[in-house]
Amino acid sequence: TVGCVAVDNHGNLATATSTGGFVNKMVGRIGDTPVIGAGTYANNLCAVSATGKGEAIICGTVARDVAAVMEYKGLSLEKAAAYVVNERVPRGNVGLVAVSATGEVTMPFNTTGMFRACATEDGFTEIGIY
Amino acid sequence: MGWAIALHGGAGDIPLSLPPERRLPREAALHHCLQIGVAALQSQKHPLDVVELVVRELENFPHFNAGKGSVLTSIGTVEMEAAIMDGKTMKCGAVSGLTTVVNAISLARLVMEKTPHIYLAFEGAEAFAREQGVETLDTSHFVTPENVERLKRAKEANRVQIDYTQPIQEDVKADEKGKEDGDSQIG
């Protein structure tokens, strides 16, 4: 799976995700990527793109949950995403990248690793796996 | 407040001993795609254009599980899927079951912008792709030798795999025999 989230100086947010799914998946199976709110979601607070086991991400409504936790619990993006990844989905199943309307970035995962990268206007850049 | 961008190339059981020949090309691709996204944001492109641009690049990179390099179904075919969403308008588009579309993410955006729907799948999505004139190629374009081998190993072990899964060991395969799920649900 691949994905990208971005926010501009005006707070405009967007997300995109694309995938081939599982190795050896049944013909006709769809995963979380095209299910809006599961693996892909954006509103006026944040943009989220997820990766991992699609079935778990659908059941956890992962991407929408990050936005909902921000909206209803008032948490920051980082805390909301960490809560969803660590508390709402079984370990070994999910990773996500997310940005907020105020330019926060977070890339949590509960798998062994996730290929990821980010950059912000203030010059911060990160590329990581583990 | 400032611009920000983040991207991923999949998650899973990535061994700490991942060989350089597998790690370095992926890191280079992430760096390349990040630079494209940063440049687009710096030139005032809308984030919707930025995420589509970056994901198209990632789809074209054969070491990631999307576009060229997509993993295979149980019968050796590809069925690709994608979604895109704009935060301000909450408009979105999604596609699945694609077998010939080179950049699924751009077809998802066309679903968002050119139809009254948010999701098209399988034959309908393929027909829409041809109607819109997006680039398509024979399905063999998307199949890599590495993924043919991964499918072979997965079928031998009778399990599915997420983006990154360590090679199946013979003793593990033996241990899984008779288990209804094995570890197929977590890759």
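The values are calculated or read from the model by the stated rules, or taken from the named source; none is laboratory data. The structure presented is a predicted model; accordingly, all values stated were derived computationally and were not measured. A quick note on method: Cβ atoms are made from the backbone with ideal geometry, for glycine too, and the neighbour counts reach across all protein chains shown.
Here is how the numbers come out for the structure above:
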quantity	calculated
Breaking point among (1) surrounded by fewer than 16 Cβ atoms within 10 Å (Cβ to Cβ); (2) more than 10 Å from chain A (Cβ to nearest Cβ), for B:Thr100	(1)
Segment B:30-65: number of residues that are in a helix (DSSP H, G or I), more than 7 Å from chain A (Cβ to nearest Cβ) and out of contact with any helix residue (DSSP H, G or I) (no Cβ under 9 Å at 6 or more places or on another chain)	4
Residue that is nearest to the chain's Cα centre (by Cα) [pool: residues in segment B:78-91 that are surrounded by fewer than 20 Cβ atoms within 10 Å (Cβ to Cβ) and within 7 Å of chain A (Cβ to nearest Cβ)]	B:Met90
A:Ala6, sole failed condition from (1) out of contact with any Pro (no Cβ under 6 Å at 6 or more places or on another chain); (2) not in a helix (DSSP H, G or I)	(1)
Hits in segment A:41-54 (condition: at the interface with chain B (Cβ under 7 Å from one of its Cβ atoms) and either among the acidic types (Asp, Glu) or touching a helix residue (DSSP H, G or I) at 6+ places or on another chain (Cβ under 6 Å) (or both))	A:Tyr41, A:Asn43
Residue check, B:Ser96 hydroxyl-bearing (Ser, Thr, Tyr), out of contact with any strand residue (DSSP E or B) (no Cβ under 8 Å at 6 or more places or on another chain) and modelled with pLDDT of 95 or more	no
Test for B:Ile118: is it in contact with a Cys (Cβ under 8 Å, 6 or more places away or on another chain) and closer than 22 Å to B:Gly133 by Cα	yes
Condition check for B:Leu110: within 30 Å of A:Gly103 (Cβ to Cβ) and either among the charged types (D, E, K, R) or at pLDDT 95 or above (or both)	yes
Top-ranked residue of segment A:77-116 - restricted to ones that are charged (D, E, K, R) and either surrounded by 17 or more Cβ atoms within 10 Å (Cβ to Cβ) or more than 28 Å from B:Arg23 (Cβ to Cβ) (or both), ranked as nearest to the other protein chains (Cβ to nearest Cβ)	A:Arg116
